[in-house]
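Let me begin by presenting the structure, written as structure tokens, before commenting on it.
The values are calculated or read from the model by the stated rules, or taken from the named source; none is laboratory data. Every value quoted in this text rests on a predicted model; they were computed, and no experiment measured them. Counting neighbours? That spans all protein chains shown, and the Cβs are built from the backbone with ideal geometry, glycine included. Just the protein is used for accessible areas: all its heavy atoms, side chains included, with ligands, DNA and RNA removed. Shrake-Rupley method; radii C 1.70, N 1.55, O 1.52, S 1.80 Å.
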Amino acid sequence: MLLAVLALGAAGSGAAQTPPGATAMGAMDSTDRTPAMQAHAAMSGPVVADLHMRLTERRPGTAADSARAWALVASMRRELERYRDVRVAEAGGFRQFLPGVPQAVYHFTNWRWGVEAVFRFDPARPTSLLYRADPDGHLTLVGAMYTAPAAASEAELDSRVPLAVARWHQHVNWCVPPRGARDRWRERRDGRPVFGPASPIATHAACDSVGGRFLPHIFGWMVHVNAFGSDDPAAIWSAGHDHGEGQRP
């Protein structure tokens, strides 16, 4: 069974919509807007491994890794340059995730390319383009997000983007309320949320005990490559949206 591509996609002013074919691949449907929002928020600062965030292991770098990493950045800058104008991206099939919701970085996702990413990697066809809003509201292209199936091995991820320079991440082991019980997102026990990425619940059995719905994977694997606006490797390969510390290619 094919596993989920990232469910950051076409959304109207209401709940996030499911594109054709996404449900068959295990992607979230429109009732899962809250987990999608929380997963997005979890990437707004430094991305660290915990109960609900899995990161690939760091690997020692080689000259070949460095060359491949810079070739990827060069290809992105060449092929994605036209999307500096967000209107061109929208005309090309990219749709904003969570329109109207203030975000550190805005994802504009191409569902068709996201589905293609299940089968192959193409630097010119990212799942999402990443834009940061300037103080005047202008959206500036900062990079792109690439995705891979949740079941992909580290060897496969490394073949796409070298693990010596980038840490792929995946949202895992979430307990969420049953469908139709959105009010339960507010529940807390011992001062902590019962559901979501801040919950201490990270197993199917524990989630069942609170009447929740266990999601072993929120999305598939994903990696951000902030190829625009800086030549600093720490900024280019930052795992989250803060452009924080990274590894030199």
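Taking the criterion of being assigned to a loop (DSSP other than H, G, I, E, B), open to solvent by 40 Å² or more (accessible area, probe 1.4 Å) and free of Cβ contacts under 8 Å to residues at least 24 places away in the same chain, the only residue of the stretch 79-101 that qualifies is 85.
Every listed requirement among (1) open to solvent by 40 Å² or more (accessible area, probe 1.4 Å); (2) on the phi > 0 side of the Ramachandran plot is met by residue 116 save one, (2). Can you pull out the residues in the stretch 167-199 that are at negative phi, open to solvent by less than 50 Å² (accessible area, probe 1.4 Å) and in contact with a Leu (Cβ under 9 Å, 6 or more places away or on another chain)? Within the stretch 167-199, 168, 169, 170, 171, 172, 174, 175, 176, 197, 199 qualify.
Considering every residue within the stretch 154-165, establish whether at least one is open to solvent by 40 Å² or more (accessible area, probe 1.4 Å), under 19 Å from the mean Cα position of the chain (by Cα), touching a residue at least 60 places away in the same chain (Cβ under 8 Å) and within 14 Å of residue 55 (Cβ to Cβ). Yes, the stretch 154-165 has at least one match. Being assigned to a loop (DSSP other than H, G, I, E, B), under 15 Å from the mean Cα position of the chain (by Cα) and touching a residue at least 40 places away in the same chain (Cβ under 8 Å): is that true of residue 197 here? Yes, satisfied.
Of all residues in the stretch 223-237, which are open to solvent by less than 10 Å² (accessible area, probe 1.4 Å) and either β-branched (Val, Ile, Thr) or not in a loop (DSSP other than H, G, I, E, B) (or both)? If the condition is that a residue be open to solvent by less than 10 Å² (accessible area, probe 1.4 Å) and either β-branched (Val, Ile, Thr) or not in a loop (DSSP other than H, G, I, E, B) (or both), then 223, 224, 225, 233, 236 are the ones that fit. Of the strands (runs of 3 or more DSSP E) lying entirely inside the stretch 118-186, those containing at least 1 residues that are within 30 Å of residue 209 (Cα to Cα) span 169-176.
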